[in-house]
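Undergrad: Following this message is one structure expressed as structure tokens.
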């Protein structure tokens, strides 16, 4: 069966947010970049904020090169912003507070407004195009490699693969790299994962984090106001997976890149650290936030997961997702593409969010997994239901 097109439960709220975002000059005209070729500059700690995303290093999977002594590769994602840009965001803060029902006495509380402002700010930063930086990678053999990163594209993002040496580096090692001549905030953690073993691909929203992705106002509230809350029982489940399988962890979410610090802190507080693969949504248009959670999620996740397969084609994979979006259909197609790679698919049936009757119907799951053996996939409501399955893996 085909899933119905998702409809937001509060479309006027999103239209209002779009209007205020555009009227505030939040949407940047990308076409302006077509008419100029900016000169390349170095990042400056006094002028820029830099994010480095945690990642997972892999080895070549060519048969003749697998093994001890082979170099490691790692995809480095860096984002550069202008410091202190978009200072006046009071109108957007007030609008979001009003949309999600915090107007009046509650909405004027200083701590709530401050929370909204802090989480909203990364959506409003001015990005820094055509900037480069120097990355220091300290290896376990007490040597440090220097890699040039950049230049950033028109979204202020640089994505490139760097190669490190293999001497003294082993499967499971974790190192922290940093920008040269920078403060301690611009760092990234790299986990080295060999060609074999287990690997977990996990969704975030409504799989391990309560987000309410089926409701537009729910997304705004859980993103900008509420303290992020793990789904009950999932930290214990993931701890057991980590203990028994010792996998490499990949958290693949349709959430936009702008939420990286927010989501990274959440995962590090409750779950095993890993690589966050987020969506390259519009940096400067907060109105795109809800759409990023709900539109074309399957195509986006398929792209990321196929990349993980290229890095780790010989690992055994456990996929974990939920019923709110297209996780069942996505993981089923990945299984069909790579049936010896995916060993298990677990889908959380979300029952604590309204209006999901069709998404949770047995017919939906049967149709999604019609080409997947029954012993591969499992739908559960409580994490406790699948804990015993870990040992079978």
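Undergrad: For residue 362, state whether it is in the same structural domain as residue 231 (by TED's automatic domain parsing) and farther than 26 Å from residue 312 by Cα.
TA: The answer is yes for residue 362.
Undergrad: Do we find that residue 208 is within 19 Å of residue 272 (Cα to Cα) and surrounded by 20 or more Cβ atoms within 10 Å (Cβ to Cβ) in this structure?
TA: yes
Undergrad: Please work out which residue is farthest from residue 189 (Cα to Cα), limiting yourself to the stretch 263-310 and to residues that are at pLDDT 90 or above and in a loop (DSSP other than H, G, I, E, B).
TA: Residue satisfying both the conditions and the ranking: 271.
Undergrad: Evaluate the following for residue 339: is it surrounded by 19 or more Cβ atoms within 10 Å (Cβ to Cβ) and at pLDDT 95 or above?
TA: no
Undergrad: Which is over 16 Å from the mean Cα position of the chain (by Cα) and within 22 Å of residue 334 (Cβ to Cβ), of 217, 234, 207?
TA: 234
Undergrad: Additional query: Which of the residues that make up the stretch 377-393 are under 20 Å from residue 341 (Cβ atoms) and under 25 Å from the mean Cα position of the chain (by Cα)?
TA: Result: 377, 378, 386, 390.
Undergrad: Look through the stretch 112-127, keep the residues that are part of a helix (DSSP H, G or I) and in contact (Cβ under 8 Å) with a residue 60 or more places away in the chain, and return whichever of them is farthest from the chain's Cα centre (by Cα).
TA: By that ranking, first place goes to 112.
Undergrad: Now a separate question. For the stretch 55-111, how many residues are in a loop (DSSP other than H, G, I, E, B), at pLDDT below 85, surrounded by 12 or more Cβ atoms within 10 Å (Cβ to Cβ) and under 27 Å from the mean Cα position of the chain (by Cα)?
TA: Here the count works out to 6.
Undergrad: In the stretch 188-245, how many are farther than 19 Å from residue 323 by Cα and either touching a strand residue (DSSP E or B) at 6+ places or on another chain (Cβ under 6 Å) or in a loop (DSSP other than H, G, I, E, B) (or both)?
TA: 17
The values are calculated or read from the model by the stated rules, or taken from the named source; none is laboratory data. Quick caveat, the model's predicted, so the values are computed rather than measured. A quick note on method: Cβ atoms are made from the backbone with ideal geometry, for glycine too, and the neighbour counts reach across all protein chains shown.
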